[in-house]
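Written below as structure tokens is the structure these notes are about.
The values are calculated or read from the model by the stated rules, or taken from the named source; none is laboratory data. Everything numeric here is computed off the predicted structure, so don't read it as measured data. Because the Cβ atoms are built from the backbone with ideal geometry, glycine has one as well, and the counts that use them run over all protein chains shown.
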Amino acid sequence: MAHEPRTQEDILLESFLDLQTPEGFRAELIEGEIVVTPPPDGDHEDYIGRVVEQVTLGSATRMRFAGNKGLRLSRGGLCPRDHAIPDATFAPADLDVFRGAPPWMNPEGVAMVVEVTSTRPERDRIAKRHCYARAGIPLYLLIDREESRVSLFGLPEGDEYTEVHLAPFGKPIDLPGPFAFALDTADF
């Protein structure tokens, strides 16, 4: 029986999945590029902590949180093999999507992903936004430290979100259902 030849995409995915990253680092496959990032700084983690606290206390729907959860963003489109690790992932508690999930889970049931910009903010602003939209993740919250702004992307269609809300640091930004509260950015 003849085997089908492996494509460059197959080899890239295989290499990515076999990658051994140093402790604290994380590796992602974003739009055909293997990206390895160092551990985040304290301010980065502070922003995530503030979002998690507010979502936990303020959401209309009880939410579960996963930090650095691997998502396999394979809903088709241009980059069917994308693998991303959002800084924060939220899903309704009643769906229990994280329990028993493999290291790289499908994003079904995920309500929102959160990224805080780091050393390469364009990746968060553009490439990851497209990946999350293609995967059908309903909301993408981007905390942009360089721009001192929070962007909330919603209503994914194709590789883009069709709705965008912006708020400068210090102004609240409304999170729609299932969250249904205003995220306070005064401390950002």
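At-a-glance table
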{"quantity": "Unique match (being of a type in the set (A, V, I, L, M, F, W, C), free of Cβ contacts under 8 Å to residues at least 60 places away in the same chain and over 14 Å from residue 73 (Cα atoms)) among 179, 169, 188", "calculated": "169"}
{"quantity": "Residue in the range 164-183 that is nearest to residue 94 (Cα to Cα), counting only those that are outside any strand (DSSP E or B) and of a type in the set (A, V, I, L, M, F, W, C)", "calculated": "179"}
{"quantity": "Candidate set from the range 46-62 (those that are under 14 Å from residue 172 (Cβ atoms) and among the aliphatic types (A, V, I, L, M)); member that is farthest from the chain's Cα centre (by Cα)", "calculated": "55"}
{"quantity": "Wholly within the range 77-142, strands (runs of 3 or more DSSP E) carrying at least 1 residues that are out of contact with any helix residue (DSSP H, G or I) (no Cβ under 9 Å at 6 or more places or on another chain), under 21 Å from residue 62 (Cβ atoms) and hydroxyl-bearing (Ser, Thr, Tyr)", "calculated": "88-92"}
{"quantity": "Top-ranked residue of the range 49-104 - restricted to ones that are of a type in the set (Phe, Trp, Tyr) and at pLDDT 95 or above, ranked as surrounded by the fewest Cβ atoms within 10 Å (Cβ to Cβ)", "calculated": "98"}
{"quantity": "Selection status of residue 163, acidic (Asp, Glu) and under 19 Å from residue 66 (Cα atoms)", "calculated": "no"}
